[in-house]
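Data first, discussion second: the structure below is written as structure tokens.
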Amino acid sequence: MHRAINLAVRREAQRLRREIVVGLRKGSKEFEPLSPLTRAARRLSGFRGGKPLIRSGELRNSISVVARGDRAFVGVPRKAGDKLVRIAEIHEYGTQPFVIPITPKMRKFLGALFSRERGRRKRRRGSSGPAGVVVIQIPARPFLRTAFDRWKRSNPQRRMLAEIAKDMGWT
């Protein structure tokens, strides 16, 4: 019986992981769109995609299942690295506004970005360019919670009981 329960838990955990990954790929309509500055920065760096949360695929690929006995963890495990765990947390819950001082390197990047976006139009008089800081607020894009809610509505208990019964030879 323990083997049948463990298998059912693992199967459901994999279903939940698949729901999260599919939600990331298709869920760009559910999430708040990228800011125009983020889209422009992506274009400048050679990346054409516009889906939130999908830049390199690293976050999506880090979502995994860690199963031990009759328990399973589905998400971004600590072994994926603190950076990815923090990125997942930031996107799941969003952030408060925070201030980033502009470094000389950032100023060059922003200058190239703004000039490209303006299409080489002349700068308006009185426009002094970027200020000394940038204020950023990342909106919540709950990719884990929404996938979990969809998975819960799909009746995993019924599926698990049916799989346990099948593995036990009761059906």
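Where helices (runs of 4 or more DSSP H) fall wholly inside the range 1-84, the ranges with 2 or more residues that are under 25 Å from Arg159 (Cα atoms) are 2-26. Within the range 85-120, restricting attention to residues that are in a loop (DSSP other than H, G, I, E, B) and modelled with pLDDT of 90 or more, the residue that is surrounded by the fewest Cβ atoms within 10 Å (Cβ to Cβ) is Gln96. Going by the conditions given, is Lys26 farther than 24 Å from Asp149 by Cα and under 14 Å from the mean Cα position of the chain (by Cα)? When the stated conditions are applied, Lys26 does not pass them.
Hey, can you tell me all the residues within the range 54-73 that are among the aliphatic types (A, V, I, L, M) and out of contact with any Asp or Glu (no Cβ under 9 Å at 6 or more places or on another chain)? Of everything in the range 54-73, those that are among the aliphatic types (A, V, I, L, M) and out of contact with any Asp or Glu (no Cβ under 9 Å at 6 or more places or on another chain) turn out to be Ile54, Leu59, Ile63, Val65, Val66, Ala67. Ile20 satisfies every condition listed in (1) buried (at least 18 other Cβ atoms within 10 Å of the Cβ); (2) of a type in the set (Val, Ile, Thr); (3) farther than 13 Å from Phe143 by Cβ except (3). Checked across the range 29-41, the condition of being closer than 30 Å to His2 by Cα and in the same structural domain as Asn6 (by TED's automatic domain parsing) holds for no residue.
For the range 50-68, a residue qualifies if it is surrounded by 13 or more Cβ atoms within 10 Å (Cβ to Cβ) and at pLDDT below 80, and the qualifying residues are Gly50, Lys51, Pro52, Leu53, Ile54, Arg55. The residues of the range 1-21 that are of a type outside the set (D, E, K, R) and either touching a residue at least 60 places away in the same chain (Cβ under 8 Å) or not assigned by TED's automatic domain parsing to the domain that holds Pro52 (or both), listed by number, are Met1, His2, Ala4, Ile5, Asn6, Leu7, Ala8, Val9, Ala13, Leu16, Ile20.
Inside the range 146-171, residues that are within 30 Å of Ala88 (Cβ to Cβ) and not in a helix (DSSP H, G or I) make up a count of 2.
The values are calculated or read from the model by the stated rules, or taken from the named source; none is laboratory data. What you see is a predicted model; the values in this text were computed from it and never measured. Note: ideal-geometry Cβ built from the backbone for every residue, glycine included; neighbour counts use all protein chains shown.
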